[in-house]
Amino acid sequence: MKNLLCFLALLLVPSLAFAQSPEKFRVYVGTYTGPKSEGIYAFRYDDGTGTAEPLGLAAKSANPSFLAIHPNGRFLYAVNETDQWQGKPGGSVSAFAIDTATGKLRELNQQSTMGNSPCHLSVDATGNHVLVANYGGGSVLSLPIQPDGGLTRHTFLSQHTGGSRNPARQKDPHAHSVNLSPDNRFAYVADLGTDRIHAYVFESARGLTAAKPHLDTRLMPGSGPRHFAFSPDGHHAYVINEMLCTVIAFRHDPTTGRLSEVGSVPTVPAGTDMTGVSTAEVRVHPSGKFVFGSNRGHDSIAVFARDMTTGALTPVEVRKIGGQTPRNFVIDPSGHFLLAAGQSSNDIRSFRIDPTTGKLTPTEQHWEVGSPVCLRFVPLK
């Protein structure tokens, strides 16, 4: 009997050796394709420790520079930031099904974005539509999502017009992001070329339905609004200005959709040599206590304390990332870590967030990816 028990124990050893602790999240990384990248990459991520394990290439795709995840966690959407698609001018958006076992992505289909260089997209809270901003085309559109996750042709397209002060950057409109309000009723498009935040009505059954010019927010000429983020309670919103290197805080009226400016803060210290410096991403911490903004050229993350009542921002610190060109960054679902994507240094670096001050402390976590420009978390079920 003793020998039999020993034999059975030996049989169990291989299965124990290959047993894995439960995964918590996957991180998908959008890139600019080239010598060091072929598309979208994936990592296994533990938000308890802030550690990640590379899973390799999830899908080949041309310049998948911005990603969005369906609310059900089963589908991923990526803009293909190009100037031609299927031999015609314009970029495209790709739909993928996520293999929950391996993390691999299976392409479902593609649709034209009806404009050059699509650079940003969002999925509405009901999972019925994808909204896309075309930087080169200066337009915004919505595309219905099919039950299988694929996309149909757009049902709404709005072409922005005009420009602003800087003839080199603002001769034409450049829609740079499209974000939905927390209640899914309004969409806001930050347009770098027009120095406006354009407002639209959104309906979950129909997508974007109408522009609301009377709700547009005009910014100081030469600001160059880029990305936009809401506070968790939806009472405030923040836009980061690529050219002026500032973050503007707004009050948000959920009834009318109107934005009212609260104040503006710089993203780099006074006296900084601004040659080659521009901002990129803005995020609000899940607690609502902090706002973060990234600086390219200066290669840093600006940290601000947020007044939970007024939405006003107070500078805390500007932390160098150690890499180059933080075009995008994310705060992990636990709120404990910030992951910064260094587009020019071909890496992702991790920082621990102080829960009291918001200050960032570099960790030893550092992952190599070619030209990373967008990070997205997907919970593992």
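At-a-glance table
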read-out: Answer from Ala190, Ala175 - the residue that is touching a residue at least 40 places away in the same chain (Cβ under 8 Å), touching a Lys or Arg at 6+ places or on another chain (Cβ under 8 Å) and crowded, with 20+ Cβ neighbours inside 10 Å; value: Ala190
read-out: From Val373, Val316, Val378, residue being without any contact (Cβ under 8 Å) to a residue 60 or more places away in the chain and assigned to a strand (DSSP E or B); value: Val316
read-out: From the options Ala280, Ala302, residue that is at pLDDT 95 or above, of a type in the set (Gly, Ala, Ser), part of a strand (DSSP E or B) and within 26 Å of Ala199 (Cα to Cα); value: Ala280
read-out: Qualifying position, being under 17 Å from the mean Cα position of the chain (by Cα) and not aromatic (Phe, Trp, Tyr), among Gln365, Gln324, Gln343; value: Gln343
read-out: Pair list, Cβ < 6 Å and 6+ apart or interchain, from segment 146-166 residues that are at positive phi and surrounded by fewer than 18 Cβ atoms within 10 Å (Cβ to Cβ) to residues that are of a type outside the set (Asp, Glu) and in a loop (DSSP other than H, G, I, E, B); value: Gly162/Thr194
read-out: All positions within segment 72-108 that are free of Cβ contacts under 8 Å to residues at least 60 places away in the same chain and polar (S, T, N, Q); value: Asn72, Asn80, Thr82, Gln84, Gln86, Ser92, Ser94, Thr102
read-out: Elements of type strands (runs of 3 or more DSSP E) in segment 1-106, at least 1 residues being of a type in the set (D, E, K, R) and either at pLDDT below 95 or within 27 Å of Pro362 (Cβ to Cβ) (or both); value: 25-31, 39-46, 51-60
read-out: Conditions (1) in contact with an Asp or Glu (Cβ under 6 Å, 6 or more places away or on another chain); (2) buried (at least 19 other Cβ atoms within 10 Å of the Cβ); (3) not β-branched (Val, Ile, Thr): number failed by Leu131; value: (1)
read-out: Segment 238-258: number of residues that are free of Cβ contacts under 8 Å to residues at least 60 places away in the same chain and among the hydrophobic types (A, V, I, L, M, F, W, C); value: 5
read-out: Qualifying residue in segment 327-343 (condition: surrounded by fewer than 18 Cβ atoms within 10 Å (Cβ to Cβ), at pLDDT below 95 and not polar (S, T, N, Q)); value: yes
read-out: Within segment 253-300, considering residues that are of a type in the set (S, T, N, Q) and crowded, with 19+ Cβ neighbours inside 10 Å, the one nearest to Ala190 (Cα to Cα); value: Thr279
read-out: Residues that are closer than 15 Å to Ile248 by Cβ and basic (Lys, Arg), drawn from segment 184-215; value: Arg196
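The values are calculated or read from the model by the stated rules, or taken from the named source; none is laboratory data. None of the values given here were measured: they were computed from a predicted structure. Reconstructed Cβ throughout: ideal geometry from the backbone, glycine too, with neighbour counts over all protein chains shown.
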